[in-house]
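Okay, so here's the structure we're looking at.
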There are 2 protein chains.
Amino acid sequence: MVVYRAPLRDYQFLFHEVFDTCGVARKLGFDVQPEVVDSVVAGFGEFVTDVWLPTNAIGDADGCRFEDGDVTVPAAFKDAWRKTVDAGWFALAADPDHGGAGMPLFVKTALDEIAVSGNMALSTFGALCAGVSDLIRDHADEEHKQLYLERICTGEWCGTMALTEPHCGTDLGILTTRAEPLSDGRYSIRGTKMFITAGDHDLAENIIHMVLARLPDAPEGTRGISLFLVPKFLDDGNGGLGERNAVACGSIEKKMGLHGSPTCVMNFDGATGFLVGPPNEGMRLMFEMMNRERLATGMMGLGLGEIAYQNALAYARDRRQGRDLRGPREPAEPADNILVHPDVRRMLLRCKANNEGSRALAVYVGLLLDQMRRGEGEDRRRAEDLVALLTPVVKAHLTDLGCESASDCVQVMGGSGYIREFAVEQFLRDSRIAPIWEGTNGIQALDLVGRKIPKNM
Amino acid sequence: MVVYRAPLRDYQFLFHEVFDTCGVARKLGFDVQPEVVDSVVAGFGEFVTDVWLPTNAIGDADGCRFEDGDVTVPAAFKDAWRKTVDAGWFALAADPDHGGAGMPLFVKTALDEIAVSGNMALSTFGALCAGVSDLIRDHADEEHKQLYLERICTGEWCGTMALTEPHCGTDLGILTTRAEPLSDGRYSIRGTKMFITAGDHDLAENIIHMVLARLPDAPEGTRGISLFLVPKFLDDGNGGLGERNAVACGSIEKKMGLHGSPTCVMNFDGATGFLVGPPNEGMRLMFEMMNRERLATGMMGLGLGEIAYQNALAYARDRRQGRDLRGPREPAEPADNILVHPDVRRMLLRCKANNEGSRALAVYVGLLLDQMRRGEGEDRRRAEDLVALLTPVVKAHLTDLGCESASDCVQVMGGSGYIREFAVEQFLRDSRIAPIWEGTNGIQALDLVGRKIPKNM
């Protein structure tokens, strides 16, 4: 029953009429034409509508399974993931050196939204790949770049961010996972992480965990946390799958929504890890990934708000109940279309306005990301500052709006909004995680007001 | 993991310190003492906490089954229902003539809230019994009162309200279910109803459907709708179960929440029905029940808001993350309690304030219901007008607040709020139907502003 059309015209308007994205990108050295950008977005829209969207309700109904220590995702996801990897969609904005197509990041804004609309659960795996590949690109040593970068950029292998522990989520300063140095320069990681999205699954043969842990004698608090790369399977010496590492899923959570994305307890039981970046600099490094995921989470609010809106609008266009307060609009019909009712229009137009505003903000930040990565001097610094300032805004505001929109869309559809057959109740359930993870929206507020606003005062 | 304590002190405060409920009730002829009222509420609180609450998560996980034309509720519900019937809780406010205890309706306010907190799905069956028994008491003929009234008052048998059809929910004027008069004064009912809460189930041996249908040559629109009583099993002539009537469940919906309460498509295939009240007066009569259900739905918002709050508060009291912005509150602990964070306090205090305000409004309306039923002259008219005015306010405002509170409580609990183990995500899913059914909250707004406010101008 679900309907979806990628908002191509909206992106064309923002890309070419509001922001001159291609002009800016060309100045940054990208070889990018409006027609190419539009056709990439349109192509991905078609791909997601055909390949991802039909798997979304299946993923919700079937969920993930945890048996004999292994996590299995819904079977339909495997096929959709494979096709996405093969088509090269995940690597669109990655460097050509790492198997990518070298597109600017503003283009990826559109793709992120569309992916979430098609299947938010499946999109979480991709969002993690993007964050982990950036971390490896910027901070891992050459050997690990060689081993992992291209395969994670393309989605051939997957990644995770392993921060949260049972006693600490927001407050990472009290985390207790330990990293003992081994004689060969590697580390033995021991501890339990929880709420690890895509911690184990069968979409990819290997999963690369980015793990926060403490070295012996590390300072207390957040200044004593280091970042480690812990692969599910170690290298066999030829770039292939070697020995299974001592990291395993202990259980998966039963959640309100996002059933197709496994939320794992991960046990590191003397797992082999590799230090990424300098010792005790883990929080700073991980927050590069965290900030990337915060923007991606904002897009989750938008992606779900958009598809919820499209479905509520389609339902409203079809449904007849009652009469226009000013008199019957279509007297020959048994009732007028519900779009005549002011409250229905109010709810739908609020969703539309919030989606369009959110999208504009997202494209603006997407273009800033390109300026931050490719720009120079003052331009680059300005882009960095603006991205820092707007990251908590995008994360919190777009996810709050996404939940509001999904809830309004349920309301527009009445009883049909509440039942699985009409898809929108899933969007509401899926959306409700977004104001929580990657730092609750209350934490985003603290970040904005306590850190970002006074930063350059 | 779920915690709950019935808000006894709150009700004592409202009953005896704010409203002098017993004084008012005694003037209306009730023989009611504060100590008795308090012990009834406390007794029901204990009963629900012991008997209903443990079945709530089971009902959510197991849901209802539809097999071979019959609906089965979660097994745990049957035992809980039986104990409630046997203890006489359902009949507390019913007349002693009908197996009841004759308590004032304001007392039932507290019971309605507590029942929802314990198990909203199970409470829906009881709310329908109360509405159907009122309809039968006030409008059915003597034979049907004899047959059904006591058994529905007590919960021995159950009831439904069958209004909605696939093409009409809000707009009942276009309903098409037909009632053909038979030679013996009975009627043959044909049509399909949908979204019928508790349309079929195995909690009770018999189910009495209150059905809206059109007589031949009835006027168009809402003026041509009559009310019929359609039992699942006809009388055997001795008050026992006779022939199975031609009414059957066609399917049940898969819903966002409220999994323990079956939402049925009901097919009336020449079912034997009995006219209740005068022909073509069905809408007026059914709206007596509808208004009762609207108030009960408001209590659903409150009941879920309250138990969500209690669980979020219990979690917050136990959880340590971060430090008080003014400096560590408990330096010897690894982190302060999350209650030190202003945003956590804001969310919890908002829930608490909304729950307490909602409860005060509910008790006020409960007392008005007693005045409406037992009062005389101007006092009675005033109570009727106030109940009419406040019914859409209670329904819409309390259900909106219930959803907001449940969502805030999820947020307070972070990731734990999103997982089933901590119960609150179920309260949020269950709460989301309440702004929709018994007239969406947009319809309540139209009723308030378009009808109730100008009524006595």
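Bear in mind that the values in this text are calculations on the coordinates, not laboratory data. Since we're looking at a predicted model, the values are computed, not measured. Using ideal geometry, Cβ is built from the backbone for each residue, glycine included, and neighbour counts are taken over all protein chains shown.
General observations
- FRET efficiency, 1/(1 + (r/R0)^6) with R0 41 Å, evaluated for B:GLU46 and A:ASP184 via beta carbons: 0.05
- Remark: the range B:59-146 is approximated by an ellipsoid whose semi-axes, taken from the C-alpha gyration tensor as √(5λ), come to 25, 18, 11 Å, largest first.
- With Cα atoms, 0 to 90° folded angle of helix B:34-47 axis to chain B main axis: 90
- Cα centroid separation, the range A:107-162 to the range A:357-404 (Å): 19
- Other-copy label distances relative to B:ALA101, 7 angstrom Cα-Cβ extension, nm: 7.0
- The range B:258-357 gives an Rg/Rh value of 1.32, both radii derived from C-alpha positions and Rh following Kirkwood.
- Counting beta carbons within 10 Å around each of B:LEU325, B:LEU175 and listing the fewest first gives the order B:LEU325, B:LEU175.
- Cross-link reach list, lysines versus B:LYS108, counting only Cα pairs under 19 Å and skipping chain neighbours closer than eight places: B:LYS27, B:LYS83, B:LYS395
- With the cut-off at under 19 Å, measuring from each backbone N in the range B:118-136 to a point 7 Å along the Cα-to-Cβ line of B:VAL3 picks out B:118-119.
- Counting from the shortest, the label point at A:THR192, 7 Å from Cα toward Cβ, is 5.1 nm from the same position in each remaining copy.
- The distance between label points at B:HIS167 and B:ASP86 comes to 4.9 nm (points 7 Å beyond Cα on the Cα→Cβ vector).
- Percent of Cα-Cα distances greater than 15 Å, calculated over the range B:211-310: 75
- Each copy carries a label point for A:GLY69 at 7 Å from Cα toward Cβ; from one copy, the others' points are 5.2 nm away, ordered from shortest.
- Proximal aspartates and glutamates relative to A:LYS145, as straight alpha-carbon distance under 16 Å, when same-chain residues fewer than 8 apart are discounted: A:ASP95, A:ASP97, A:ASP134, A:GLU156, A:ASP235, A:ASP236
- Pairs of alpha carbons in the protein assembly as shown separated by more than 54 Å make up 20% of all such pairs.
- Chain B residue nearest the axis that carries B onto A, by Cβ, with distance in whole Å, is B:ARG429, 4.
- Longest to shortest principal axis, alpha-carbon extents of the range A:30-108, angstrom: 49, 26, 18
- For the range B:405-457, Kirkwood radius (reciprocal of mean inverse C-alpha pair distance, Å): 13.1
- Value of relative contact order over the range B:319-362, rounded to a whole percent, pairs C-alpha under 8 Å and six or more apart: 31
- Chain B: calculated mean residue ellipticity at 222 nm from DSSP helix runs of at least 4, using -39500 (n - 2.57): -15500 deg cm²/dmol
- For the segment B:407-416, counting C-beta atoms of other chains within 10 Å of every residue's C-beta and taking the mean gives 5.
- Residue exposure proxy: B:CYS129, B:CYS168, ordered by other Cβ atoms within 10 angstrom of their Cβ from fewest to most, comes out as B:CYS168, B:CYS129.
- With distances taken between every two different alpha-carbon atoms, the range A:122-216 has a Kirkwood hydrodynamic radius of 14.2 Å.
- Cα-based convex hull, the range B:136-287, per residue volume (Å³, whole number): 112
- Distance (nanometres) between label positions extended 7 Å along Cα→Cβ at B:ASP138 and A:SER251: 5.0
- Test item: A:431-441 mean partner chain Cβ contacts at 10 Å: 4
- Test item: B:332-338 mean partner chain Cβ contacts at 10 Å: 3
- 0 to 90° range, to nearest 10: angle between helix B:105-139 axis and chain B longest Cα axis: 20
- Residues B:ARG284, B:ARG320 arranged by fewest to most Cβ contacts within 10 Å: B:ARG284, B:ARG320
- Karplus-based coupling profile of the range B:65-82, in residue order and whole Hz: 10, 10, 9, 6, x, 10, 9, 10, 8, x, 4, 4, 5, 5, 5, 4, 4, 4, with θ = phi - 60° in 6.51 cos²θ - 1.76 cosθ + 1.60 and x standing for Gly or Pro.
- Its alpha carbons give the range B:301-451 an Rg and a Dmax of 19.5, 67 Å.
- Panel note: the C-alpha atoms of the range B:1-53, placed on their principal axes, show extents of 44, 19, 13 Å (largest first).
- Rg(Cα) / (2.2 N^0.38 Å) computed for the range B:30-179, rounded to two decimals: 1.15
- Taken over the alpha carbons of chain A as equal point scatterers, the Debye sum produces base-10 log I(q)/I(0) values at 0.07, 0.10, 0.13 Å⁻¹ of -0.35, -0.72, -1.19.
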